[in-house]
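Undergrad: One structure, pasted below without further comment.
The values are calculated or read from the model by the stated rules, or taken from the named source; none is laboratory data. Everything quoted here is computed from the prediction, not taken from an experiment. Positions of Cβ are generated from backbone atoms using ideal geometry, with glycine treated the same way; all protein chains shown enter the neighbour counts. Just the protein is used for accessible areas: all its heavy atoms, side chains included, with ligands, DNA and RNA removed. Shrake-Rupley method; radii C 1.70, N 1.55, O 1.52, S 1.80 Å.
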Amino acid sequence: MTGTTSPPPVEVAYGAVSVLEGAGRGAYPYAHSLLVRGADATLVVDPSLSLLDHVPAADLVLVSHGHEDHAAGLGGYDMPVHVHEEDLAAVRSRAAMVAGFGLAAPDAADLDRRLRDTFRIVDRPDAQGFAEGTVFDLGGRTVTVVHLPGHTAGHCGFLVEPDGFLYVADIDLTSFGPFYGDTGSDLAQFEASLRRCRGIEARWYGTAHQKGVIEGAEEFRGRLDAYAGVVERRDATLLSLLAEPRTVAELLGHRLVYRPHVEGAHVQPVERRTLVQHLARLSARGRIEEVAPGRFRAVVA
Ligand SMILES: [Zn+2]
(Lines give C-alpha, C1' and ligand atoms only; values in the text may rest on other atoms or scores of the structure.)
Protein backbone atom coordinates (compact mmCIF):
# COMPACT_ATOMS: atom_id res chain seq x y z
CA MET A 1 0.00 0.00 0.00
CA THR A 2 2.98 2.26 0.52
CA GLY A 3 3.38 4.75 -2.30
CA THR A 4 -0.22 4.61 -3.49
CA THR A 5 -2.85 7.23 -2.83
CA SER A 6 -6.20 5.80 -1.79
CA PRO A 7 -9.54 7.47 -2.57
CA PRO A 8 -10.97 9.56 0.28
CA PRO A 9 -13.23 7.63 2.65
CA VAL A 10 -16.99 7.94 2.23
CA GLU A 11 -18.50 10.00 5.05
CA VAL A 12 -21.92 8.90 6.36
CA ALA A 13 -23.70 11.03 8.99
CA TYR A 14 -25.57 9.72 12.05
CA GLY A 15 -26.69 12.86 13.82
CA ALA A 16 -23.49 14.85 14.24
CA VAL A 17 -21.36 11.72 14.17
CA SER A 18 -19.77 10.99 10.82
CA VAL A 19 -18.54 7.52 10.03
CA LEU A 20 -15.55 7.65 7.70
CA GLU A 21 -15.96 4.30 6.04
CA GLY A 22 -12.88 2.17 5.66
CA ALA A 23 -12.18 0.47 2.34
CA GLY A 24 -13.44 -3.07 1.84
CA ARG A 25 -16.45 -2.46 4.11
CA GLY A 26 -13.99 -1.99 6.94
CA ALA A 27 -12.64 -5.55 6.83
CA TYR A 28 -9.15 -5.85 8.30
CA PRO A 29 -6.62 -4.38 7.55
CA TYR A 30 -9.13 -1.54 7.13
CA ALA A 31 -11.56 -0.25 9.75
CA HIS A 32 -14.14 2.49 10.10
CA SER A 33 -13.25 5.78 11.77
CA LEU A 34 -15.44 8.48 13.33
CA LEU A 35 -15.41 12.22 13.07
CA VAL A 36 -17.38 14.00 15.80
CA ARG A 37 -17.92 17.74 15.54
CA GLY A 38 -18.98 19.96 18.43
CA ALA A 39 -19.39 23.73 18.59
CA ASP A 40 -15.89 24.17 20.01
CA ALA A 41 -13.89 21.16 18.95
CA THR A 42 -13.77 18.19 16.59
CA LEU A 43 -12.33 14.80 17.29
CA VAL A 44 -11.35 11.76 15.26
CA VAL A 45 -11.84 8.26 16.63
CA ASP A 46 -9.71 5.34 15.42
CA PRO A 47 -7.82 6.65 12.40
CA SER A 48 -7.75 3.79 9.89
CA LEU A 49 -5.65 2.96 6.84
CA SER A 50 -8.25 4.72 4.69
CA LEU A 51 -7.38 8.02 6.36
CA LEU A 52 -3.63 7.80 5.68
CA ASP A 53 -3.78 10.19 2.73
CA HIS A 54 -6.81 12.08 4.06
CA VAL A 55 -6.09 13.16 7.62
CA PRO A 56 -9.24 14.98 8.79
CA ALA A 57 -9.07 18.44 10.33
CA ALA A 58 -9.57 17.87 14.05
CA ASP A 59 -8.36 18.97 17.46
CA LEU A 60 -7.96 15.59 19.09
CA VAL A 61 -7.63 11.89 18.28
CA LEU A 62 -9.14 9.10 20.40
CA VAL A 63 -8.00 5.50 19.93
CA SER A 64 -10.34 2.72 21.10
CA HIS A 65 -7.46 0.31 21.73
CA GLY A 66 -3.86 -0.33 20.86
CA HIS A 67 -4.24 -2.29 17.62
CA GLU A 68 -2.70 -1.19 14.33
CA ASP A 69 -5.94 -1.07 12.31
CA HIS A 70 -7.32 1.55 14.74
CA ALA A 71 -4.22 3.71 14.97
CA ALA A 72 -2.82 3.86 11.43
CA GLY A 73 -0.59 6.72 10.47
CA LEU A 74 -0.68 8.54 13.80
CA GLY A 75 2.70 10.05 12.91
CA GLY A 76 0.84 12.14 10.34
CA TYR A 77 -1.47 13.64 12.97
CA ASP A 78 -0.17 16.69 14.74
CA MET A 79 -3.06 16.76 17.22
CA PRO A 80 -3.02 15.17 20.70
CA VAL A 81 -3.75 11.43 20.95
CA HIS A 82 -5.68 9.84 23.81
CA VAL A 83 -6.19 6.14 24.63
CA HIS A 84 -7.18 4.18 27.74
CA GLU A 85 -4.33 3.98 30.23
CA GLU A 86 -4.24 0.16 29.97
CA ASP A 87 -3.41 0.40 26.23
CA LEU A 88 -1.28 3.52 26.50
CA ALA A 89 2.04 1.66 26.18
CA ALA A 90 0.99 0.18 22.81
CA VAL A 91 0.24 3.63 21.36
CA ARG A 92 3.33 5.22 22.87
CA SER A 93 5.65 2.55 21.49
CA ARG A 94 5.38 0.28 18.46
CA ALA A 95 7.60 -2.26 20.25
CA ALA A 96 4.97 -2.51 23.00
CA MET A 97 2.22 -2.89 20.38
CA VAL A 98 4.16 -5.75 18.77
CA ALA A 99 4.78 -7.39 22.16
CA GLY A 100 1.02 -7.56 22.75
CA PHE A 101 0.72 -10.16 20.00
CA GLY A 102 3.01 -12.55 21.88
CA LEU A 103 5.00 -13.75 18.86
CA ALA A 104 8.43 -15.41 18.86
CA ALA A 105 11.38 -13.24 17.80
CA PRO A 106 11.55 -13.67 13.98
CA ASP A 107 7.77 -13.39 13.61
CA ALA A 108 7.71 -10.36 15.91
CA ALA A 109 10.32 -8.65 13.70
CA ASP A 110 8.18 -9.34 10.62
CA LEU A 111 5.14 -7.89 12.34
CA ASP A 112 7.10 -4.83 13.42
CA ARG A 113 8.05 -4.14 9.79
CA ARG A 114 4.43 -4.62 8.70
CA LEU A 115 3.18 -2.17 11.30
CA ARG A 116 5.81 0.34 10.22
CA ASP A 117 5.43 -0.02 6.44
CA THR A 118 1.74 -0.84 5.92
CA PHE A 119 0.13 0.91 8.89
CA ARG A 120 2.81 3.59 9.33
CA ILE A 121 2.73 3.04 13.06
CA VAL A 122 5.20 5.34 14.77
CA ASP A 123 5.87 5.91 18.44
CA ARG A 124 3.61 8.52 20.01
CA PRO A 125 5.39 9.01 23.36
CA ASP A 126 3.20 12.06 23.96
CA ALA A 127 -0.05 10.01 23.93
CA GLN A 128 -2.24 10.63 26.98
CA GLY A 129 -4.17 8.06 29.00
CA PHE A 130 -7.85 8.27 29.89
CA ALA A 131 -10.02 6.17 32.19
CA GLU A 132 -13.59 4.88 32.38
CA GLY A 133 -16.06 7.76 32.43
CA THR A 134 -13.74 10.44 31.07
CA VAL A 135 -15.82 13.03 29.22
CA PHE A 136 -14.55 14.99 26.21
CA ASP A 137 -16.72 18.10 25.92
CA LEU A 138 -16.74 19.34 22.32
CA GLY A 139 -19.25 22.13 22.94
CA GLY A 140 -22.90 21.07 22.89
CA ARG A 141 -21.76 17.50 22.37
CA THR A 142 -19.94 15.10 24.66
CA VAL A 143 -17.97 11.93 24.07
CA THR A 144 -17.85 9.66 27.14
CA VAL A 145 -15.41 6.80 27.57
CA VAL A 146 -17.02 3.39 28.20
CA HIS A 147 -14.30 0.93 29.21
CA LEU A 148 -15.09 -2.40 27.51
CA PRO A 149 -12.03 -4.58 28.23
CA GLY A 150 -11.45 -8.13 27.06
CA HIS A 151 -10.36 -7.73 23.43
CA THR A 152 -7.46 -5.81 24.93
CA ALA A 153 -7.13 -4.62 28.53
CA GLY A 154 -7.78 -1.03 27.53
CA HIS A 155 -10.40 -1.57 24.83
CA CYS A 156 -13.03 1.20 25.03
CA GLY A 157 -16.24 2.30 23.47
CA PHE A 158 -17.38 5.92 23.21
CA LEU A 159 -20.88 7.27 23.80
CA VAL A 160 -21.65 10.44 21.86
CA GLU A 161 -24.47 12.55 23.29
CA PRO A 162 -26.98 14.02 22.69
CA ASP A 163 -26.89 12.10 19.40
CA GLY A 164 -27.08 8.68 21.06
CA PHE A 165 -24.27 7.02 19.12
CA LEU A 166 -22.37 4.28 20.95
CA TYR A 167 -19.17 3.23 19.23
CA VAL A 168 -18.25 -0.30 20.30
CA ALA A 169 -15.08 -0.70 18.20
CA ASP A 170 -13.92 -4.35 18.09
CA ILE A 171 -17.02 -5.73 19.74
CA ASP A 172 -17.53 -5.96 16.03
CA LEU A 173 -20.51 -8.39 15.81
CA THR A 174 -18.95 -10.34 12.93
CA SER A 175 -19.58 -14.07 12.48
CA PHE A 176 -15.91 -14.62 13.39
CA GLY A 177 -16.98 -13.89 16.96
CA PRO A 178 -15.22 -12.27 19.91
CA PHE A 179 -11.44 -12.15 19.67
CA TYR A 180 -9.56 -12.60 22.96
CA GLY A 181 -6.32 -14.14 21.72
CA ASP A 182 -3.78 -11.43 22.54
CA THR A 183 -1.50 -11.45 25.56
CA GLY A 184 -3.63 -8.71 27.16
CA SER A 185 -6.98 -10.28 26.24
CA ASP A 186 -9.40 -11.75 28.77
CA LEU A 187 -12.46 -13.85 27.99
CA ALA A 188 -14.26 -13.17 31.28
CA GLN A 189 -13.75 -9.42 30.82
CA PHE A 190 -14.96 -9.67 27.23
CA GLU A 191 -18.18 -11.32 28.34
CA ALA A 192 -18.69 -8.69 31.05
CA SER A 193 -18.19 -6.00 28.40
CA LEU A 194 -20.83 -7.64 26.18
CA ARG A 195 -23.28 -7.49 29.10
CA ARG A 196 -22.34 -3.89 29.79
CA CYS A 197 -22.92 -2.57 26.28
CA ARG A 198 -26.11 -4.63 26.04
CA GLY A 199 -27.50 -2.39 28.78
CA ILE A 200 -26.62 0.95 27.15
CA GLU A 201 -29.52 2.66 25.38
CA ALA A 202 -28.50 4.35 22.15
CA ARG A 203 -29.97 5.13 18.78
CA TRP A 204 -26.99 3.88 16.82
CA TYR A 205 -24.29 1.34 17.62
CA GLY A 206 -21.16 1.69 15.54
CA THR A 207 -18.72 -1.18 15.01
CA ALA A 208 -15.26 -0.81 13.57
CA HIS A 209 -15.48 -3.45 10.88
CA GLN A 210 -17.82 -5.15 8.35
CA LYS A 211 -21.08 -4.81 10.28
CA GLY A 212 -20.83 -1.03 10.32
CA VAL A 213 -23.57 0.85 12.17
CA ILE A 214 -26.57 -0.94 13.70
CA GLU A 215 -29.71 1.13 14.31
CA GLY A 216 -31.83 0.53 17.41
CA ALA A 217 -31.14 -1.15 20.76
CA GLU A 218 -33.31 -4.16 19.99
CA GLU A 219 -31.50 -4.96 16.76
CA PHE A 220 -28.14 -4.39 18.46
CA ARG A 221 -28.99 -6.74 21.34
CA GLY A 222 -30.08 -9.50 18.99
CA ARG A 223 -26.81 -9.28 17.11
CA LEU A 224 -24.85 -9.04 20.34
CA ASP A 225 -26.43 -12.26 21.60
CA ALA A 226 -25.58 -14.07 18.36
CA TYR A 227 -22.01 -12.80 18.66
CA ALA A 228 -21.76 -13.96 22.28
CA GLY A 229 -23.07 -17.33 21.10
CA VAL A 230 -19.77 -17.92 19.28
CA VAL A 231 -18.09 -18.21 22.70
CA GLU A 232 -20.60 -20.88 23.71
CA ARG A 233 -19.98 -22.72 20.42
CA ARG A 234 -16.25 -22.78 21.15
CA ASP A 235 -17.04 -24.32 24.56
CA ALA A 236 -19.27 -26.91 22.91
CA THR A 237 -16.58 -27.81 20.35
CA LEU A 238 -14.08 -28.27 23.13
CA LEU A 239 -16.44 -30.40 25.24
CA SER A 240 -17.10 -32.73 22.32
CA LEU A 241 -13.35 -33.10 21.72
CA LEU A 242 -12.93 -33.86 25.41
CA ALA A 243 -15.27 -36.83 25.32
CA GLU A 244 -11.85 -38.53 25.15
CA PRO A 245 -9.04 -37.34 27.44
CA ARG A 246 -6.72 -34.99 25.55
CA THR A 247 -3.74 -32.75 26.25
CA VAL A 248 -3.45 -29.08 25.28
CA ALA A 249 -1.02 -30.10 22.52
CA GLU A 250 -3.54 -32.56 21.12
CA LEU A 251 -6.38 -30.06 21.37
CA LEU A 252 -4.32 -27.52 19.44
CA GLY A 253 -4.61 -29.83 16.43
CA HIS A 254 -8.24 -28.64 16.26
CA ARG A 255 -8.93 -24.97 15.79
CA LEU A 256 -11.36 -23.00 17.92
CA VAL A 257 -10.84 -19.60 16.30
CA TYR A 258 -9.49 -19.68 12.76
CA ARG A 259 -10.72 -21.72 9.83
CA PRO A 260 -8.31 -24.44 8.64
CA HIS A 261 -7.12 -22.53 5.55
CA VAL A 262 -5.94 -19.51 7.57
CA GLU A 263 -2.17 -19.41 7.89
CA GLY A 264 0.23 -17.07 9.62
CA ALA A 265 2.51 -16.71 12.59
CA HIS A 266 -0.37 -15.41 14.70
CA VAL A 267 -2.55 -18.51 14.37
CA GLN A 268 -0.94 -20.86 16.89
CA PRO A 269 -0.39 -18.28 19.68
CA VAL A 270 -3.98 -17.05 19.34
CA GLU A 271 -5.39 -20.59 19.26
CA ARG A 272 -3.35 -21.50 22.34
CA ARG A 273 -4.38 -18.47 24.42
CA THR A 274 -8.01 -18.94 23.41
CA LEU A 275 -7.93 -22.65 24.25
CA VAL A 276 -6.30 -22.12 27.64
CA GLN A 277 -8.96 -19.58 28.63
CA HIS A 278 -11.79 -21.92 27.61
CA LEU A 279 -10.19 -24.81 29.52
CA ALA A 280 -9.91 -22.64 32.64
CA ARG A 281 -13.52 -21.57 32.49
CA LEU A 282 -14.88 -25.05 31.75
CA SER A 283 -12.81 -26.36 34.63
CA ALA A 284 -14.07 -23.63 36.98
CA ARG A 285 -17.64 -24.57 36.02
CA GLY A 286 -17.02 -28.25 36.71
CA ARG A 287 -17.56 -29.17 33.05
CA ILE A 288 -14.11 -30.73 32.56
CA GLU A 289 -11.59 -32.40 34.86
CA GLU A 290 -7.85 -32.90 34.71
CA VAL A 291 -7.55 -36.68 34.71
CA ALA A 292 -3.74 -36.67 34.62
CA PRO A 293 -1.31 -33.75 34.67
CA GLY A 294 -2.05 -31.69 31.54
CA ARG A 295 -4.74 -34.11 30.31
CA PHE A 296 -8.42 -33.10 30.37
CA ARG A 297 -11.74 -34.84 29.91
CA ALA A 298 -15.34 -33.70 29.88
CA VAL A 299 -17.30 -34.46 33.03
CA VAL A 300 -20.28 -36.66 32.21
CA ALA A 301 -23.35 -35.11 33.77
ZN1 LIG B 1 -8.51 -4.94 17.78
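Undergrad: Quick one: pull the percent of accessible area on segment 17-113 belonging to carbon and sulfur, 1.4 Å probe, ligands and nucleic acids left out.
TA: Answer for segment 17-113 is 52 percent, counting heavy atoms of protein chains only.
Undergrad: Taking the Cα-to-Cβ direction at A39 and at D117 and moving 7 Å from each Cα, how far apart do the two end points lie in nm?
TA: Those two pseudo-labels are separated by 5.0 nm.
Undergrad: Over its Cα atoms, what ratio of radius of gyration to 2.2 N^0.38 Å does segment 182-264 give?
TA: 1.37
Undergrad: Right, next: For an R0 of 41 angstrom, estimate the FRET efficiency from the Cβ-Cβ distance between S283 and D137 and round to the nearest 0.05.
TA: For R0 = 41 Å, the calculated efficiency reads 0.30.
Undergrad: Percent of Cα-Cα pairs more than 36 Å apart in the chain, please.
TA: In whole percent, the long-distance tail amounts to 18.
Undergrad: Given H placed 1.01 Å from N in the peptide plane, which residues other than close sequence neighbours of G212 have an amide H under 5 Å from its amide H?
TA: Sorted by chain and number, the residues that satisfy this are T207.
Undergrad: Of L187, P162, F136, which is farthest along the charge dipole of the chain in the positive direction, counting Lys and Arg as +1 and Asp and Glu as -1 at C-beta?
TA: L187
Undergrad: Let me ask something else. Using Cα pairs closer than 8 Å and at least 6 residues apart in sequence, work out the relative contact order for segment 69-228, in percent.
TA: Contact order relative to length: 19 percent.
Undergrad: Which FRET efficiency value, to the nearest 0.05, is calculated for A236 and A27 with the Förster distance at 35 angstrom and r the Cβ-Cβ distance?
TA: 0.85
Undergrad: May I ask you to give the percent of accessible area on segment 176-301 that is carbon plus sulfur, with a probe radius of 1.4 Å?
TA: 50 percent
Undergrad: Starting from the Cα-Cα distance between T144 and R198, subtract it from 0.36 nm times their residue separation and give me the gain in nm to one decimal.
TA: Working it through step by step, the gained length comes to 17.8 nm.
Undergrad: Please give the Cα centre distance for segment 231-301 versus segment 46-68, rounded to the nearest Å.
TA: 37 Å
Undergrad: If we sort 88-95, 118-125 on the protection proxy, mean other Cβ atoms within 10 Å, highest first, what's the order?
TA: 88-95, 118-125
Undergrad: Between H54 and V267, how high is the FRET efficiency from 1/(1 + (r/R0)^6) when r is the Cβ-Cβ distance and R₀ = 41 Å? Nearest 0.05.
TA: 0.80
Undergrad: Another one. At 1.4 Å probe radius, can you tell me the per residue accessible area of the chain in Å²?
TA: Per residue, the chain has an accessible area of 43 Å².
Undergrad: Using amide H atoms built in the peptide plane, which far-off residues or other-chain residues are under 5 Å from T142 H to H?
TA: E161
Undergrad: In segment 69-92, whose amide N lies under 17 Å from the spot 7 Å out along Cα-to-Cβ of A108? List them in ranges.
TA: Once the point is set 7 Å along Cα→Cβ of A108, 89-92 turn out to lie under 17 Å by backbone N, inside segment 69-92.
Undergrad: Normalising by the residue count of the chain, find the relative contact order in percent from Cα pairs under 8 Å and 6+ residues apart.
TA: About 13 percent, as a whole number.
Undergrad: By the gyration tensor of its Cα atoms, with a ≥ b ≥ c the square roots of the eigenvalues, what is the shape of segment 100-243: rounded for a/c under 1.5, prolate for a/b over b/c, or oblate?
TA: Oblate, because a/c is 1.5 or more while a/b does not exceed b/c.
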